[in-house]
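Novice: Input: one structure, supplied below.
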Amino acid sequence: MNQKPDNSKCVIAVDAMGGDYAPCNAVLGSVQAFHENQDFQLILVGRKENIISELKENNLDYDTDLIVHTDEVIDMHDHPTEAIKKKKNSSIVVGANLVKENKAHAFVSAGNTGAMTVSSIFGMGRIKGVSRPTLTAPLPNEKNGFTFVADVGAFVDSRPEHLLEFAILSSILLKEIHNIKNPKIGLLNVGEEESKGYKLTLGAGKLLKESNLNFIGNVEGKDIFKGTADLVICDGFIGNIILKFAESIIPFLKSTIKSYADKSIYNKIRAGLVRTPLKESLKNANYETQGGLPLLGVDGISIIGHGSSSPLAIKNMVLRAKDMYDKDLVNKLKEAIISYAEK
């Protein structure tokens, strides 16, 4: 990169090599975000010749001096910890280090989730007082809003104190970014009674009940889509299963309707009548409109996207990072952790 980033404004680095359709979708989406909101500087991280090729092929206007060249790529099958050790000149490692070195304020990637998580933790560091960062995901509910779930897979094992941290961090996200001023927090369990569950949920429930958070007690899986709580807390193993299951619902419905329509002309007409209202009603379930998920608890803005992210999803990931920067979310997370530790 010949030209230095302008740190007087928000600087967002994007992993151009991340995702199933990289660098095409990453380049298209991030440049679209830049042209939609030019109040930030965009750095593309990855193989420079590939990035330039995509820019030329799509006639995109972008200052190629702001490309940070890397010659290694961490793919979806690489083991996260081994990959960041062996591929130090990969786009994921270099991108996270740009935030660490104060050359960028945010890093966005649709690449290997595990590698992005580990690289963000090692590269950016954790907020003081946070033992385990979390990924927080919005799922649509029947109240025409969202129920947020944390953790959805940053880590697959947790202790009760980790779940309390997830609740603290995610509640700040809901307040500052999603304008839910006093989010209702539920603990995912096999029943509403306090006595239900196992060691993790029993311990986490006690900590949450003793906290100053708006904890409403245990909730069940059905409560996520009902919108009983604004935020549902669970460990990453369960949360990731919930997220992947939820992501499968729309493809399943599409496949079911298509199979029904293919049986006859009459069925095709009936399916056509419900397709548009169904599509409209499920808009909130489209991950593309949400972009990626913030990794809360690292000392910087880290947005992790789905491997199959479209240009629209990438664009919204970048704009989400800009929104988090504008609202000074990282410092507010730091203040929340310090404030809770002092009580």
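The values are calculated or read from the model by the stated rules, or taken from the named source; none is laboratory data. Quick caveat, the model's predicted, so the values are computed rather than measured. Quick reminder, even Gly has a Cβ in these numbers, built from the backbone with ideal geometry, and neighbours come from all protein chains shown. To get the accessible areas, we keep the full protein, side chains included, count just its heavy atoms, and leave off ligands, DNA and RNA. Shrake-Rupley method; radii C 1.70, N 1.55, O 1.52, S 1.80 Å.
Novice: So who's got an amide H within less than 5 Å of the one on VAL232, skipping anything under 5 residues away but keeping other chains? H placed 1.01 Å off N, in plane.
Specialist: Distant-sequence amide H within range of VAL232: PHE148, VAL149, ALA150, GLY186.
Novice: Here's a follow-up. Taking a 23 Å limit on the Cα-Cα distance, which of the listed pairs LYS9/LYS87; LYS86/LYS315; LYS196/LYS226; LYS56/LYS100; LYS86/LYS128 fall beyond it?
Specialist: Details: LYS9/LYS87 30 Å; LYS86/LYS315 30 Å; LYS196/LYS226 21 Å; LYS56/LYS100 31 Å; LYS86/LYS128 28 Å.
Table pairs above 23 Å Cα-Cα are LYS9/LYS87; LYS86/LYS315; LYS56/LYS100; LYS86/LYS128.
Novice: Okay, moving on. Leaving out ligands and nucleic acids, and using a 1.4 Å probe, what accessible area per residue does region 221-343 come to in Å²? Don't jump to the answer; show the numbers that get you there.
Specialist: Details: 6390 Å² over 123 residues.
Per residue, region 221-343 has an accessible area of 52 Å².
Novice: Along the three principal axes, how long is region 117-249 when you take its alpha carbons, biggest first, rounded to the nearest angstrom?
Specialist: In descending order, the Cα extents are 39, 31, 29 Å.
Novice: Okay, moving on. Out of the trypsin sites (Lys or Arg not before Pro) in region 210-310, which ones are loop residues according to DSSP with at most 11 other C-beta atoms within 10 Å?
Specialist: Working: sites: LYS222, LYS226, LYS244, LYS254, LYS258, LYS263, LYS268, ARG270, ARG275, LYS279, LYS283; in loops: LYS263.
Answer in residue order: LYS263.
Novice: ³J(HN,Hα) across region 35-48 via Karplus (A = 6.51, B = -1.76, C = 1.60, θ = phi - 60°), whole Hz, x for Gly/Pro?
Specialist: These are the phi-based 3J(HN,Hα) values: 6, 7, 9, 7, 7, 7, 9, 10, 10, 9, 10, x, 5, 4 Hz.
Novice: Let me ask something additional. Past the 19 angstrom mark, what percentage of all C-alpha to C-alpha distances in region 78-141 do you count? Please list the in-between numbers first.
Specialist: On the way: 662 of 2016 pairs.
The proportion of pairs with Cα distances above 19 Å equals 33 percent.
Novice: Let's see if you can work this out: charge +1 on each Lys and Arg Cβ, -1 on each Asp and Glu Cβ, no other charges. What is the dipole magnitude of region 296-343 about its Cα centre, in debye to the nearest 20?
Specialist: Values: 7 positive and 6 negative charges, 32 e Å.
So the magnitude is around 160 debye.
Novice: Roughly how many percent of the accessible protein surface of region 236-343 is carbon and sulfur, given a 1.4 Å probe and a whole-percent answer? Intermediate values should be presented prior to the final figure.
Specialist: On the way: 3710 of 5930 Å².
Summing carbon and sulfur atoms, their accessible area is 63 percent of the total for region 236-343.
Novice: Starting from the residue with the highest accessible area, list THR228, THR276 in decreasing order, probe 1.4 Å.
Specialist: Working: THR228 45, THR276 90 Å².
Sorted by accessible area, descending: THR276, THR228.
Novice: So, one more: Please calculate how many Å² of accessible area region 167-207 carries per residue, with a 1.4 Å probe and no DNA, RNA or ligand atoms counted. Walk me through the numbers before you get to the answer.
Specialist: Details: 2030 Å² over 41 residues.
Counting only protein heavy atoms, the per-residue value for region 167-207 is 50 Å².
Novice: Here's something else I'd like to know. In whole Å, what are the Cα extents of region 172-220 along the three principal axes, biggest one first?
Specialist: Principal-axis extents of the Cα atoms in region 172-220, largest first: 33, 20, 14 Å.
Novice: If you don't mind, another one. Order of 22-34, 74-86 by packing, highest average Cβ count within 10 Å first? Intermediate results must be reported in sequence, preceding the final value.
Specialist: On the way: 22-34: 24.5, 74-86: 16.2.
Put in order of decreasing packing, that is 22-34, 74-86.
Novice: Would you please state the base-10 log of I(q)/I(0) at q = 0.11 1/Å for region 224-318, with intensities from the Debye formula using one equal scatterer on every alpha carbon?
Specialist: Cα-only, vacuum Debye calculation for region 224-318: -0.47.
Novice: Could you go through region 167-181 in sequence order and give the Karplus-derived ³J(HN,Hα) for each residue, using 6.51 cos²θ - 1.76 cosθ + 1.60 with θ = phi - 60°, rounded to whole Hz, and x for Gly and Pro?
Specialist: 5, 5, 4, 5, 5, 5, 4, 5, 5, 7, 9, 10, 6, 9, 5
Novice: State, as an integer percentage, the relative contact order of region 77-146 based on alpha-carbon contacts under 8 Å between residues 6 or more apart.
Specialist: Averaging sequence separation for qualifying contacts and normalising by length gives 32 percent for region 77-146.
Novice: Quick one: which of 174-183, 121-130 comes out on top by average Cβ neighbours within 10 Å, and what's the full order, highest first?
Specialist: On the way: 174-183: 15.4, 121-130: 18.3.
Put in order of decreasing packing, that is 121-130, 174-183.
Novice: Something else now. How much accessible area per residue does region 6-71 have, in Å², with a 1.4 Å probe?
Specialist: On the way: 2820 Å² over 66 residues.
That works out to 43 Å² per residue.
Novice: Provide, as a two-decimal number, the C-alpha radius of gyration of the chain over 2.2 N^0.38 Å, N being how many residues it has. All intermediate terms of the calculation are to be shown ahead of the outcome.
Specialist: On the way: Rg = 20.8 Å, N = 343, 2.2 N^0.38 = 20.2 Å.
The chain yields a ratio of 1.03.
Novice: At a threshold of 8 angstrom on Cα-Cα distance, excluding pairs fewer than six apart, so keeping six or more, what relative contact order does region 1-144 reach in percent? Walk me through the intermediate numbers first.
Specialist: Numbers: 238 pairs, mean separation 39.9, N = 144.
Once divided by the residue count of region 1-144, the mean separation gives 28 percent.
Novice: Towards the positive end of the charge dipole of the chain, with charges on Cβ (+1 Lys, Arg; -1 Asp, Glu), say which of GLN41, GLY125, ASN25 has the farthest Cα.
Specialist: Working it through, the farthest residue towards the positive pole turns out to be ASN25.
Novice: For region 1-141, give the percent of accessible area contributed by carbon and sulfur heavy atoms, probe 1.4 Å, rounded to a whole number.
Specialist: Numbers: 2700 of 6130 Å².
Reported share for carbon and sulfur atoms: 44 percent.
Novice: Residues with amide H under 5 Å of ARG126's amide H, sequence separation 5 or more or different chain, H placed in the peptide plane at 1.01 Å from N; which?
Specialist: ASP299
Novice: Using a Cα-Cα cut-off of under 28 Å, which lysines could be cross-linked to LYS263, ignoring same-chain neighbours fewer than 8 residues away?
Specialist: Filter leaves LYS254, LYS279, LYS283.
Novice: Provide the packing ranking of 141-147, 38-44, i.e. peptides ordered by the mean count of other C-beta atoms within 10 Å per residue, highest first. Working shown, then result.
Specialist: On the way: 141-147: 15.4, 38-44: 19.6.
Descending packing order for the listed peptides: 38-44, 141-147.
Novice: In whole percent, what relative contact order does the chain give with Cα contacts below 8 Å and a gap of six or more residues? Kindly include the intermediate steps, with their values, before the conclusion.
Specialist: Working: 698 pairs, mean separation 75.6, N = 343.
Dividing the mean separation by the residue count of the chain yields 22 percent.
Novice: For region 157-213, give the percent of accessible area contributed by carbon and sulfur heavy atoms, probe 1.4 Å, rounded to a whole number. Don't skip to the answer; put the middle values down first.
Specialist: On the way: 1460 of 2830 Å².
Carbon-and-sulfur percentage of accessible area, whole number: 52.
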